[in-house]
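Structure record follows, encoded as structure tokens.
The values are calculated or read from the model by the stated rules, or taken from the named source; none is laboratory data. Note that this is a predicted model, so its numbers are computed, not measured. Neighbour counts are summed over all protein chains in view; Cβ atoms, including those assigned to glycine, are modelled from backbone coordinates with ideal geometry.
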Amino acid sequence: MADEEVKEQLELKKADYLQEPFEEGFNIKTILAAFFIGIVMMPGTIYLGLMIGAGIGGAAQWVTLILFMEITKRSLTKMTKQEIYIIYCLAGSLIAPGLVLGAATLTLQGGAFSELIWNQYLAGSANAVAWGLKVPVWVVPPAGSEALIQRTFLSKVWILPIVLIIIHHILFRLNFFGLGYIMFRLTSDVEKLDFPMAAVAAEGATALAESSSKTETWRWKVFSISSMIGVVFGVFYILIPAVTGTMMTKPFMLLPIPFVDATDKIGVFWPSSMLGFATDLGVFLAGFIVPFWVVVGTFVGSVGCKTILNPILYKYGIIKSWLPGMTAIPTYVTTHMDIWLSVSIGMAALVALMGIWKVITMLIAKGGRTSLRKLPEGRGDVAIWKAAVVFIISTTLYVILCHILVPGFPILLFILFGFILTPLLSYIAARMFGITGVADQISFPYLKEGIFILSGYKGVNIWFAPVPFYNQGWTSQKFKELELTRTKFGSWVKAEFLALGVMLIFSFIFWHLIWRMGGIPSASYPFVNRMWPMESTFKCLWATSTLPGGPKWMLQAIKPGFIFWGGGVSLVLYAVLSFFKFPVSFFYGIVAGVSGFPHWTIPMFFGALLSRFFFEKKIGKETWRKYTPIILAGYGCGMGLVGMASIAIALIAQAVTALVF
């Protein structure tokens with residue numbers, strides 16, 4: 001089906017939606033769904049995050065929806081699309097990766113308290129000890145604390161870090177609700193942007209609502225088959241290592257987790273070249289759903305730079321830090337420091353400028369002609385000034401909190417982050433969502449880190465402070481989806497704060513229990529055991545760059561010449577690809593691939609090829625596109641079920657051990 005036909009159908013569906021009254025989506029069903037996710041899904045996503053680096057994700061949303069839809073069928077009722085959409089949002093919020101304070105780029109699964117586990121590791125890591133990084137006590141208790149030795153949160157030394165985490169999550173939600181609502185009103189009600197992807201979400205919720213009264217649908221069949229694939233693969237990939245890990249010092253793995261690495265072997269012939277592949281089947285299946293040209297571009301960027309160009313750059317002395325015998329992690333760190341960090345900054349800066357320029361040109365073309373449309377009755381709107389007050393209060397509290405935690409850092413820079421850069425970035429992203437449906441290309445690369453370094457501040461506390469520099473533009477798309485599903489805005493607000501309370505409770509409980517079982521990272525958790533040392537290296541490099549007399553490796557790694565070349569080459573590449581009419585997503589994929597691991601992009605690339613050139617031709621393009629998100633969610637569900645079984649076995653084994661000894 002042509003893109004124009006798809007757009008026309010979505011416009012017709014959107015017109016149908018807009019004729020319906022707004023309904024409440026928050027009720028007892030959503031409350032029960034929240035506790036179901038917290039009790040059943042949370043431990044599974046934590047364990048998967050530790051084992052393979054990925055949580056349950058969308059599977060939690062699908063499992064919860066299907067469960068509640070089946071219950072309502074047998075109760076001779078049906079779920080409304082408002083209930084379905086709110087449960088979908090609630091599940092996504094509960095299982096979303098945890099917020100990260102400071103400048104860490106690590107994705108942490110399992111809610112707010114995942115960060116405390118990361119911080120306790122970072123504070124005692126070899127890099128932090130060797131480079132004199134003293135993590136502040138409001139982030140993690142002092143080294144040698146009894147709470148760290150016993151691996152427990154039930155100690156008064158954790159009170160300050162826990163209170164800070166809770167305050168941060170409350171302020172963050174107030175911040176994105178206040179600013180996000182303002183961005184929605186500006187882009188949807190004033191500028192009347194289309195938000196093309198919002199109609200897709202509305203159509204999905206409507207389809208599920210219509211199917212909730214039927215006995216069985218094709219979605220259920222596809223989901224069930226995919227779930228069994230996830231269960232079977234999960235037994236070999238997760239359950240066997242989990243069970244053997246309770247009986248042995250090192251778990252037995254049929255497949256190396258997270259990847260098979262040949263970097264040290266090919267380094268004999270191609271110095272500093274990286275090669276390997278991820279062993280998680282989910283990475284391969286992700287190639288089914290990620291846009292094809294994004295996958296191809298990411299493959300070209302990562303393999304082209306890290307596998308092919310690295311040996312050439314080593315030969316000409318540009319890569320200097322690599323040593324023979326290095327595996328993937330040290331090779332990535334050394335080559336990233338020698339060249340790719342600077343190149344990626346230049347490329348990302350160009351992408352950000354392109355996004356800003358696109359917004360400016362569209363505003364000029366519009367000629368500033370905007371008008372405020374009449375607000376739909378019953379939508380749940382509030383006065384703009386009230387939303388502004390919420391944003392101002394939350395940002396002000398962020399500034400005050402940061403000033404208390406880091407009194408030596410200029411308070412004007414906190415104000416700059418919160419009141420100027422955050423609204424600017426959020427507005428640009430909101431307009432991109434309104435025009436294109438996505439805004440992944442909008443960012444200010446390393447701006448925050450650069451300001452930290454150039455501010456003249458001496459110390460490490462600023463790197464752990466909750467600096468209010470966020471992109472809240474995504475919230476405008478959520479409000480548009482609420483409008484199209486005819487869900488009252490207040491339903492989402494209530495669901496988010498319910499999710500916050502449930503997440504804080506169960507994240508605390510399950511992380512405490514899992515940490516008590518054994519140290520994190522350890523051999524029992526292959527992914528974090530392999531990847532967290534690399535993350536700690538970059539975190540320590542950034543943080544120690546502002547220490548008086550501290551190492552300046554990160555400053556030395558940022559090379560203006562390579563930044564310039566990165567921006568220049570990407571500009572030429574964009575022009576060439578545009579001339580030959582390549583999809584712009586191919587260019588964005590290349591930019592993302594420059595900083596990526598070939599180990600993940602290679603299997604995803606083969607998954608994308610299989611999807612495009614076999615399944616689309618065999619099944620039909622439109623039918624296959626309906627299947628792919630359900631296949632990935634079903635697989636994630638199966639893996640999640642195995643993950644939950646694995647953590648149950650590990651907890652029982654730990655309890656039995658404690659009773660015996």
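Taking the condition in a helix (DSSP H, G or I), at pLDDT below 85, surrounded by 19 or more Cβ atoms within 10 Å (Cβ to Cβ) and not charged (D, E, K, R), does residue 588 pass? So residue 588 fits the description; yes.
Remark: pairs (first residue in the range 55-79, modelled with pLDDT of 75 or more and surrounded by fewer than 20 Cβ atoms within 10 Å (Cβ to Cβ); second residue aliphatic (A, V, I, L, M) and not in a helix (DSSP H, G or I); Cβ separation under 7 Å; 6+ apart in sequence or on different chains) = 72/79. Residues of the range 636-661 that are over 33 Å from the mean Cα position of the chain (by Cα) and either of a type outside the set (A, V, I, L, M, F, W, C) or at pLDDT 75 or above (or both): 657 alone.
Return yes when residue 536 is part of a helix (DSSP H, G or I), within 27 Å of residue 149 (Cα to Cα), small (Gly, Ala, Ser) and touching a residue at least 60 places away in the same chain (Cβ under 8 Å) and no when it is not. So residue 536 passes the test. Examine the range 21-30 for a residue that is of a type in the set (Asp, Glu) and modelled with pLDDT under 80, and state whether such a residue exists. No: the range 21-30 contains no residue that is of a type in the set (Asp, Glu) and modelled with pLDDT under 80.
If you go through the range 139-165, how many residues are surrounded by 15 or more Cβ atoms within 10 Å (Cβ to Cβ) and either touching a Lys or Arg at 6+ places or on another chain (Cβ under 6 Å) or within 24 Å of residue 398 (Cα to Cα) (or both)?
11
Answer yes or no: is there a residue in the range 310-321 that is in contact with a helix residue (DSSP H, G or I) (Cβ under 7 Å, 6 or more places away or on another chain), within 30 Å of residue 253 (Cβ to Cβ) and in a loop (DSSP other than H, G, I, E, B). No, the range 310-321 has no match at all. Would you please name the residue that is nearest to residue 340 (Cα to Cα), looking only at residues in the range 587-620 that are of a type outside the set (Lys, Arg) and free of Cβ contacts under 8 Å to residues at least 60 places away in the same chain? Among residues in the range 587-620 that are of a type outside the set (Lys, Arg) and free of Cβ contacts under 8 Å to residues at least 60 places away in the same chain, the one nearest to residue 340 (Cα to Cα) is 613. Candidates 315, 250, 265, 306: the one that is under 30 Å from residue 646 (Cα atoms) and not acidic (Asp, Glu) is 250.
Taken over the range 373-409, the residue count meeting the criterion of being over 30 Å from residue 21 (Cα atoms) and exposed (fewer than 14 other Cβ atoms within 10 Å of the Cβ) is 4.
Residues in the range 505-534 that are under 18 Å from residue 644 (Cα atoms) and either in contact with a Cys (Cβ under 7 Å, 6 or more places away or on another chain) or aromatic (Phe, Trp, Tyr) (or both): 506, 508, 510, 511, 515, 525, 527. Just give me the residues in the range 379-434 being charged (D, E, K, R) and in contact (Cβ under 8 Å) with a residue 24 or more places away in the chain, in sequence order. Result: 379, 381, 431. Return the pairs, sorted by first residue and then second, in which the second residue is in a helix (DSSP H, G or I) and among the charged types (D, E, K, R), the first residue lies in the range 280-302 and is more than 17 Å from residue 599 (Cβ to Cβ), the beta carbons are less than 7 Å apart, and the residues are 6+ apart or on different chains. Going by the 7 Å Cβ cut-off, the qualifying pairs are 292/612.
Within the range 323-338, which residues are in contact with an Asp or Glu (Cβ under 8 Å, 6 or more places away or on another chain) and assigned to a loop (DSSP other than H, G, I, E, B)? Passing the criteria: 325, 326, 327.
Residues that are under 25 Å from residue 345 (Cβ atoms) and part of a helix (DSSP H, G or I) within the range 570-585 comprise 570, 571, 572, 573, 574, 575, 576, 577, 578, 584, 585, listed in sequence order. Within the range 299-308, track down each residue that is buried (at least 18 other Cβ atoms within 10 Å of the Cβ) and either at pLDDT below 90 or among the small types (Gly, Ala, Ser) (or both). Answer for the range 299-308, where residues must be buried (at least 18 other Cβ atoms within 10 Å of the Cβ) and either at pLDDT below 90 or among the small types (Gly, Ala, Ser) (or both): 301, 302. With respect to the conditions (1) assigned to a helix (DSSP H, G or I); (2) of a type in the set (A, V, I, L, M, F, W, C); (3) within 20 Å of the chain's Cα centre (by Cα), residue 469 lacks only one, and its number is (1). The residue of the range 309-358 that is surrounded by the most Cβ atoms within 10 Å (Cβ to Cβ), among those that are more than 19 Å from residue 553 (Cβ to Cβ) and either in contact with a strand residue (DSSP E or B) (Cβ under 8 Å, 6 or more places away or on another chain) or without any contact (Cβ under 8 Å) to a residue 24 or more places away in the chain (or both), is 328. Residue selection: residue 237 fails the criterion of being modelled with pLDDT of 90 or more and assigned to a helix (DSSP H, G or I).
Residues in the range 144-176 that are more than 30 Å from the chain's Cα centre (by Cα) and either polar (S, T, N, Q) or not in a helix (DSSP H, G or I) (or both): 144, 145, 150, 155. Looking at 246, 263, just one residue is surrounded by 17 or more Cβ atoms within 10 Å (Cβ to Cβ), over 30 Å from residue 592 (Cβ atoms), more than 24 Å from the chain's Cα centre (by Cα) and among the polar types (S, T, N, Q), and that residue is 246.
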